[in-house]
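The values are calculated or read from the model by the stated rules, or taken from the named source; none is laboratory data. Values in this document were obtained by computation on a predicted structure and should not be read as measured data. All Cβ positions, glycine included, derive from the backbone under ideal geometry; neighbour counts span all protein chains shown. With ligands, DNA and RNA removed, areas are computed over all heavy atoms of the protein, side chains included. Shrake-Rupley method; radii C 1.70, N 1.55, O 1.52, S 1.80 Å.
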Amino acid sequence: MSLQDQLLQFLLSGITLGSIYALIALGFVTIYNVTGIINFAQGEFAVYGAFMAITVFQESRLLSGNVAVNLGWSLPASALFGVVITALLGLLLYRLAIQTARHASALSMIIITIGAAFVLRGAALLVWGTDPSRLPVFTKGSPFKIAGAILTRQSVWVVGVTAVLLVLLYLFFNHTLTGKALRACSINPGAARLMGINTKRMALLAFGLSAAVTAVAGIVIVPSTFMTYDRGLTLSLKGFVAAIVGGMSSPVGAVVGGLLLGVLEAFSAGLLSSGYKDAISFIVLFIVLAARIGGLLRGRAIVAEQAGL
Amino acid sequence: MLEIKAISTFYGHIQALKEVSLEVQGGEIVSLVGANGAGKTTLLNSVSGIVPPRRGEILLNGQAITHLPAEKIVGMGISQVPERRQVFGELSVRDNLVLGGYLRLRRGKKTAVTQDIERVCEMFPILKERQNQLAGTLSGGEQQMLAIGRGLMAQPKVLLLDEPSLGLAPLLVREILDVLVNLREMGTTILLVEQNARAALEISDRGYVLETGSVVLSGKAQELITNEDVQKAYLGRVNHKRLETRD
């Protein structure tokens, strides 16, 4: 493999990886824009999406092997199940953990989400145990060859699903009344209430939508990598880095941030060593955070207060 | 139409309104004048449910709306055009108007809302011209027109306006006030908050003077303009302003 081919290969893997980060980052941005909360339980949604889909797809033993489940659903049905259940989990998280603490500051809310992440991780450990599991690839067949690089069919799925989801989200936010109302809440919650928009319901919707999008990320990666109960934290942090790089409030920024981070990781893993790839993304996080997090939190805290969340 | 009975409103421990009572009859323009910080905006926010009063009662056509959330009160027929316009800057002019009719669209009244957008555009032709532009790119006067148009999209029985003349050139102020007179002729009831007291009282039927959270004077608008106490209140306003700018 020539260097040129290698570089192309890194780029392709980077874009695939970056698509996943982009979806998680979109989840972060959706919640942040409407509520001012940075939800560090975001990565758990990817874990739950994947495990829920796996559970109904194949023979599984839950709760330390005490419960056997053998539903044998089709792959599309399983994926849909994973997304829907995770969306409900997002709604539940808002109702139980966020709405009950609605008078707390944005910073307290963020810490609540970290607590929620621990609870969700613990529950995942209880239900699914420590064994890694995965789904089969969505379509079988030999990988595609582009110049000298290899693109697996699953990578095409990952990038394709991300692209379709982006288009759907774009249409939702720009061409539906509910989407516009969500944007109105993120621009000016006080004025949104004067239009008759129920900002609490919009926040609930944001949590559900965000969980669903991130669940998709979890489901499309499990054919390529194993899912374990404890992957949520890393996924959260990667998605957070991507969202921060993208400016935290822009969906387009989140996608660009995700792709940049994915490509950066792929190149550093390929050219330096795969051991460095996490370090690189956290160095990026550190630099961006040092530069801007203070202003970020203050600005949104005021918005959240106006919304009466 | 709108009855406010001895409401007291607080921000934390700070009392912003002290047992304020006020009444707006159907088809009237009523002005609320007073100094910066007298509680004018708080009063509107209490009526619209953004800052509900702790004590007292607010009735719309005899029905209590005191403790309803803001998003319900809009549906009952009270629409507020907030201070500093607060249009959704990153949305198009048309989408701002669409969101003004949010509750009606939720109830499936799509054609009626589309017709109302046309009517608002007739009232403010500049909005039609700029309907696909982002609201944030409009001038101050245009944003004020958009904010009023957006407020009208809810088909309010009572329109609350908070300082519509703020930061506008005198000619534009005239234009905006003329629009309010037209709205009254079409049957909309208006509660107007203004620092530009003379201009507001000139188009009003009645007025109230608010001072540090209490109504100190009320009466017919023409009487208030010539009233000596109102002149004193104006002087008071100047003094207040001086004090505020000093610290």
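Can you tell me which residue is farthest from the chain's Cα centre (by Cα) among those in the stretch B:8-42 that are within 14 Å of chain A (Cβ to nearest Cβ) and closer than 24 Å to B:GLY75 by Cβ? Among them, the one singled out is B:THR42.
Within the stretch A:168-194, the residues that satisfy the criterion of being under 12 Å from A:VAL34 (Cα atoms), assigned to a helix (DSSP H, G or I) and of a type outside the set (Gly, Ala, Ser) are A:LYS180, A:LEU182, A:ARG183, A:CYS185, A:ILE187, A:PRO189. For the criterion of being at the interface with chain A (Cβ under 10 Å from one of its Cβ atoms) and either modelled with pLDDT under 95 or touching a helix residue (DSSP H, G or I) at 6+ places or on another chain (Cβ under 6 Å) (or both), B:SER92 fails. Filtering the stretch A:171-194 to residues that are open to solvent by 10 Å² or more (accessible area, probe 1.4 Å), among the small types (Gly, Ala, Ser) and more than 7 Å from every other protein chain (Cβ to nearest Cβ) leaves only A:SER186. Take the conditions (1) part of a helix (DSSP H, G or I); (2) surrounded by 14 or more Cβ atoms within 10 Å (Cβ to Cβ); B:GLN131 misses just one of them, which is (1). Of all residues in the stretch B:142-176, those being assigned to a helix (DSSP H, G or I) and surrounded by 21 or more Cβ atoms within 10 Å (Cβ to Cβ) number 11. The residue pairs whose first member lies in the stretch A:263-285 and is open to solvent by less than 60 Å² (accessible area, probe 1.4 Å), whose second member is part of a helix (DSSP H, G or I) and among the β-branched types (Val, Ile, Thr), and whose beta carbons are closer than 6 Å, counting only pairs six or more residues apart or on different chains, are A:SER268/A:ILE280; A:SER281/A:VAL241; A:VAL284/A:VAL241; A:LEU285/A:VAL241. When A:PHE226 is tested against (1) more than 30 Å from A:TRP128 (Cβ to Cβ); (2) in contact with a strand residue (DSSP E or B) (Cβ under 8 Å, 6 or more places away or on another chain); (3) open to solvent by 50 Å² or more (accessible area, probe 1.4 Å), exactly one condition is not met: (1).
The single condition from (1) open to solvent by 60 Å² or more (accessible area, probe 1.4 Å); (2) under 24 Å from A:SER249 (Cα atoms); (3) not hydroxyl-bearing (Ser, Thr, Tyr) that A:GLY18 fails is (1). Among the numbered conditions (1) crowded, with 19+ Cβ neighbours inside 10 Å; (2) closer than 25 Å to A:TYR170 by Cα, the only one that A:LEU91 does not meet is (1).
Based on this model, can you work out whether A:GLY247 counts as farther than 30 Å from A:PHE172 by Cβ and open to solvent by 10 Å² or more (accessible area, probe 1.4 Å)? No; evaluated as a whole, the condition is false for this residue. Quick check on my filter: what residues within the stretch B:83-94 are open to solvent by 10 Å² or more (accessible area, probe 1.4 Å) and either among the hydroxyl-bearing types (Ser, Thr, Tyr) or touching a residue at least 40 places away in the same chain (Cβ under 8 Å) (or both)? Hits for the stretch B:83-94 are B:GLU83, B:ARG84, B:ARG85, B:GLN86, B:VAL87, B:GLY89, B:GLU90, B:SER92. Right, B:ASN45: more than 8 Å from chain A (Cβ to nearest Cβ), among the polar types (S, T, N, Q) and buried (at least 24 other Cβ atoms within 10 Å of the Cβ) or not? Yes; evaluated as a whole, the condition is true for this residue. Remark: pairs (first residue in the stretch B:127-144, more than 13 Å from B:LEU97 (Cβ to Cβ) and of a type in the set (A, V, I, L, M); second residue open to solvent by less than 40 Å² (accessible area, probe 1.4 Å) and part of a helix (DSSP H, G or I); Cβ separation under 9 Å; 6+ apart in sequence or on different chains) = B:LEU134/B:VAL93. Taking first residues from the stretch A:225-237 that are touching a residue at least 12 places away in the same chain (Cβ under 8 Å) and partners that are open to solvent by 60 Å² or more (accessible area, probe 1.4 Å) and charged (D, E, K, R), the Cβ contacts under 6 Å between residues at least 6 apart in sequence or on separate chains come to A:PHE226/A:ARG134.
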